[in-house]
Structures are given as C-alpha cells and as structure tokens.
1. Please calculate the 1.4 Å probe accessible area of V23, with all protein chains present, and give it to the nearest 10 Å².
2. Roughly to the nearest percent, how much of the accessible area of the chain is carbon and sulfur, given a 1.4 Å probe?
3. Which value, in Å², gives the accessible area per residue of the chain when a 1.4 Å probe is used on the protein heavy atoms?
4. Measuring from centroid to centroid over Cα atoms, what is the spacing of segment 1-38 and segment 49-92 in Å?
Amino acid sequence: MPNYRIIVDLSQRMLYLLDNNVVTRGFPVGIGKMLTVSPVGEYTIINKQPNPGGPFGAFWMGLSKPHYGIHGTNNPSSIGHMVSHGCIRMYNADVLVLAALIPIGTRVTIRE
C-alpha cells in the first residue's frame, strides 16, 4: 500500500509526491505572491472536491490550514509564478493525477 506525502518547495515552485519518502512525481506549481505568501509548515489534506469552479480549476484539495488548498487553475500561464493568494496552483491535468492518487489525510509539507 502506498505511503504518500507531499512536499511543496516554494523556492523551486515544485510540488513533489513521495511514496515512503522517495520522490515519485514532480509537478510545477504557482505559489503565493509577496503580500499573500504560501504558508510554510506541516498540514494535511482535509477535503477533496472535483470541479469547484472559478479560479480553482478542475479540482480542489483543502489543507488543514483554513482557506488554503492545492487546486487547479483557469489560468495555466500562472503556473511557475508567484500569483496566488497563498494556495498552491497546479495545471488541471496534474491536479487530477495527484487527486486520484492521494487520500484525505495525506501529509503536506510546505517549505521555502
């Protein structure tokens, strides 16, 4: 059985999926801008919602920090940039792959 966790590296603007502490996938992400930086710390995925609409793209995965999540985007050109209000943005195709793999309760580490 997989033992997944996620590391978001803000300086690299990458999200890494690890299984038993081995990186199995890497995805480019958009992160919080200067005034609304992505929150560094340890969180868990607490909910998952397909097609949340609007700027959240194809999928939303809420973090244990209220109002923050990992989600798709309706603006793919924002990936790789500091653009969000603190959430972690992914390409819609990537967020669907990730959401299909990880269960609620997955640990998420956001680091600088």
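1. Roll a 1.4 Å probe over it and V23 shows about 90 Å².
2. Taking all protein chains in place, the chain shows 57 percent carbon and sulfur surface.
3. Here the residues of the chain average 51 Å² of exposed surface.
4. 13 Å
The values are calculated or read from the model by the stated rules, or taken from the named source; none is laboratory data. Just so we're clear, the structure is a prediction, and the values are computed from it rather than from any experiment. All accessible areas refer to the heavy atoms of the entire protein, side chains included, with ligands and DNA or RNA removed. Shrake-Rupley method; radii C 1.70, N 1.55, O 1.52, S 1.80 Å.
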